[in-house]
Structures are given as structure tokens and as C-alpha cells.
Amino acid sequence: MELQIPLLGKSLCSLPYCDIGHGLAENQEIYDAMLSHIQRSISEEKKPKFEVRAADTKTTDSDLLKNKKVRMLLDLPSSSEALMASFKSKLRSQIKKAEKNGLTVSLGIEDHHILHFYDVYSKNMRDLGSPVHSIKWFREIVAAYQEQCLISVVYENDEPIGGGLIIKSGSEASIPWASTLRERNKLAPNMLLYWSLLAHCADNDVTRFDFGRSTFNEGTYKFKKQWGAKPQLLNWHTFNATSTVTSEKESNAGSPNKLRTIAEHIWRKLPLRITIAIGAAVRPYISL
């Protein structure tokens, strides 16, 4: 995919906004030829870089995964009953806690599901200091994927306090977007949110659930691990016009970007409607 980024020019990304996007080929020779062709185009068309988002299925040593980005994968049984039975008692009690707190959940792809999901998503991303996709983006996803996507919304009374969207591909499903309102997290809406989607997948012939990207052994990693998910190393590389390869770890090395930290702090203070308007304008140019 080609991204035309204002002030920065063109760049190529194997699949923007997704954790996985890499070449598919019958053998290494064909795969290498594909990469060579794209590298030539970078030089000829003056594109600054090309990013490949592959996964490493062989690296499982914890020492080698330390501080690395991984995606968390859970193999699902053939029913939600079997899935629930596989959980540890602590996890089951956390799911029940949400129900005891009076939370309810609704699954679907109707427009009210999109609106309620977006209400939670936009507030959560503002509080995280991150720009949001437009609501049109999610409506287009639902229109394109239809029954191959699903939205779950968690409610306290009639107020949406959690929401997530999964996309299915064959026997696999992934959850690119999920949010809860932090001031309601003590009610455990995230537990009911994920359980509702996992249960649906187990009961509808999905055999593997991708919880998405996390840093090994950090906060979101531990949340996903408690469901039984296993890490798979994300092997992202960026190629430039001189064929130099930079790994994600190398490109992110060094101290945190001070300008980004300041921008995130300011973003959190802005009115929600302003962050939605600005986010809808700039988010398409951010490939993560």
C-alpha cells in the first residue's frame, strides 16, 4: 500500500493499520524477487522506505522475546462452554464480576453498534493522547466485511462503557480495536467485552483468536496472556532506497520522543469533538 504523507512524501507499507502484512510466495527465491522489485521501485520513484510486517513463528525463547513486540494468539476449542471450562478459576470469576456488576453486552453490526463503539473508542483514544480514525472508517469496514466482522458493546445501564471490533478471515479472527472507559474499569467491562467476542468465535468455527500487538511481559501482554494466549514475535523491517534493512527495535531505539510526549499531553486536554475532527484528518497517514 502506498501512503502519500503530507510534507514527508510517499512511502510503502505492506498493510497499514495491521500487525501482519508480508509477502506470500511458494519459495524463498520468489519472495526475494518480490522484495528486490519493490526495493527498485523505492529508488526509481523516490519513495523513502518500504515496511514489511512479518511474523516469526520459530522464536519462542523468553530471553529472545524480551522488550520485543509480539502478537498474542489463542487456539480456540469448538464451543464457548469448552473455552470457559479451560479458564482458570480467577479468570472465570473476573468475567462473572462484570455480570454481577450489572453490565450487559450486545453483539452486532447495526449502526447503533458502530455509534456506541465509536463513542467509547473516541473517548479512550483521547485519554491516551492518540488520534482516532473517523466513524466513516468503521462504517466502511462493516459495509465491506459484513458478517465477517462483529462489534461488541458493553453497557452499564444504557450507557456504552466498552467496545471492540473483530475481523474474521477464514478460521481466524483478530481484534484491531478495543476500548473501555477508564473511569469504569473497576466494573470489569474489558472482561465481559473480550469474553463475548471469544465465546462468539468459539461457537462459530473460529479456531484461532489474535489479541493483537503488545510488548512482551508488559501490561497489555499480561492481560492477553491470562486468557491463555501465546506470543508470536512480530518481525517488522523497513527497507530504504539503498536496500538497508532496519528492524523495528533499531528504529525505535533511544530515549522517548519528547515532542511526542508533549503532543500527547496536550491532546488529552482537548475537547472530544476537536480530537475527533483533527484525528479523522491525520489518522489515515499514521500506518500503525
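The values are calculated or read from the model by the stated rules, or taken from the named source; none is laboratory data. Nothing here was measured: the structure is a model prediction, and the numbers come from that model. Ideal geometry is used to build each Cβ from the backbone, glycine not excepted, and the neighbour counts take in all protein chains shown. Remember, those area values only see protein heavy atoms, side chains included, never the ligands or the DNA or RNA. Shrake-Rupley method; radii C 1.70, N 1.55, O 1.52, S 1.80 Å.
Points worth noting:
- Per the listing L64, L3, L24, the residue uniquely at pLDDT 85 or above and open to solvent by less than 30 Å² (accessible area, probe 1.4 Å) is L3.
- Residue under evaluation F209, criteria (1) at pLDDT below 95; (2) in a strand (DSSP E or B), criterion not met: (1)
- Matching residues, the stretch 140-150, being assigned to a helix (DSSP H, G or I) and closer than 26 Å to A199 by Cβ: I141, V142, A143, A144, Y145, Q146, E147, Q148
- Members of the stretch 92-103 found to be under 29 Å from F138 (Cβ atoms) and open to solvent by less than 70 Å² (accessible area, probe 1.4 Å), listed by number: Q94, I95, A98, N101, G102, L103
- Residue check for I151: more than 23 Å from I278 (Cα to Cα), open to solvent by 10 Å² or more (accessible area, probe 1.4 Å) and within 15 Å of the chain's Cα centre (by Cα): no
- Any hit, the stretch 70-81, residues being within 22 Å of S174 (Cβ to Cβ), outside any loop (DSSP other than H, G, I, E, B) and among the hydroxyl-bearing types (S, T, Y): yes
- Among the residues of the stretch 262-280, just one is under 22 Å from the mean Cα position of the chain (by Cα) and either among the basic types (K, R) or farther than 17 Å from V132 by Cα (or both), namely R268.
- Test: residue in the stretch 127-139 that is open to solvent by less than 30 Å² (accessible area, probe 1.4 Å), under 19 Å from G279 (Cα atoms), part of a helix (DSSP H, G or I) and touching a residue at least 60 places away in the same chain (Cβ under 8 Å): no
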